[in-house]
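The values are calculated or read from the model by the stated rules, or taken from the named source; none is laboratory data. These numbers come from a predicted model, not from an experiment. Cβ sites come from the backbone with ideal geometry, for glycine too, and all protein chains shown count toward neighbours.
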Amino acid sequence: MTEPLTAAPLTAADLFARLADLGIATRTVEHPPLYTVEDSQALRGDIAGGHTKNLFLKDKKGNLFLVVVEEEARVDLKSLHGPLGAASRLSFGSAELLEEVLGVKPGAVTAFGPVNDTAGRVTVVLDAALMEHAEINCHPLINTATTTIAREDLVRFLRATGHEPLILAVPRRAEEAEGDPA
């Protein structure tokens, strides 16, 4: 029995074409590769809106979650499984699984990634605090650009990919919830 052929992941150009087909306007700024929030803050320049940190997580039963939060958020991974209804505490998915499911490499994880998850394997979680921003900034499947999209358009885009996003208050680590003095 042979493995089914899987389509190659979309490129940034493919993503922009898909967004245009949906009538979604975006703005994109190119920059050097960004791998961390710190890199992003130092190199991206002044781009208005909420900037994202993306966590690709799995539970012990293999359920997958893409959790999209504000870049400064310190997520409490020990309690996140509860509000998500996950089968166990969550751990990070491997680079291989990330590439297989979302078609991106580490450092380029993005809320746009579900466009490559045609099997609907990942549950998309958008943090309520992030959704307070009128505009949200995400990598367009590569980490050498940042794309700004209206929050309503991000939700519309995700729905068009077959992913109904969960919007919830993602739990924070205690030091952030209490007001991190740092």
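Of all the residues that make up segment 43-90, how many are surrounded by fewer than 15 Cβ atoms within 10 Å (Cβ to Cβ), more than 18 Å from I136 (Cα to Cα), in contact with an Asp or Glu (Cβ under 8 Å, 6 or more places away or on another chain) and not charged (D, E, K, R)?
Matching residues across segment 43-90 total 2.
Would you please list the contacts, defined by Cβ atoms under 7 Å and residues six or more apart or on different chains, that run from a residue in segment 85-97 that is under 14 Å from R121 (Cβ atoms) and in contact (Cβ under 8 Å) with a residue 12 or more places away in the chain to a residue that is exposed (fewer than 13 other Cβ atoms within 10 Å of the Cβ) and among the hydroxyl-bearing types (S, T, Y)?
none
Being farther than 21 Å from L102 by Cβ and at pLDDT below 95 is true for just one of D46, D39. Which residue is that?
Exactly one residue qualifies, and that residue is D46.
Filter segment 59-82 down to residues that are in contact (Cβ under 8 Å) with a residue 40 or more places away in the chain and not in a helix (DSSP H, G or I), then give me how many there are.
Of the residues in segment 59-82, 12 are in contact (Cβ under 8 Å) with a residue 40 or more places away in the chain and not in a helix (DSSP H, G or I).
It is to be established whether one or more residues within segment 121-129 are farther than 17 Å from P9 by Cα, acidic (D, E) and modelled with pLDDT of 95 or more. Reasoning before the result, please.
At the first step, the residues of segment 121-129 found to be farther than 17 Å from P9 by Cα are 123-129.
Now restrict to residues that are acidic (D, E): 127.
Cutting the leftovers down to modelled with pLDDT of 95 or more gives us 127.
Checked against the condition, which is being farther than 17 Å from P9 by Cα, acidic (D, E) and modelled with pLDDT of 95 or more, segment 121-129 yields at least one hit.
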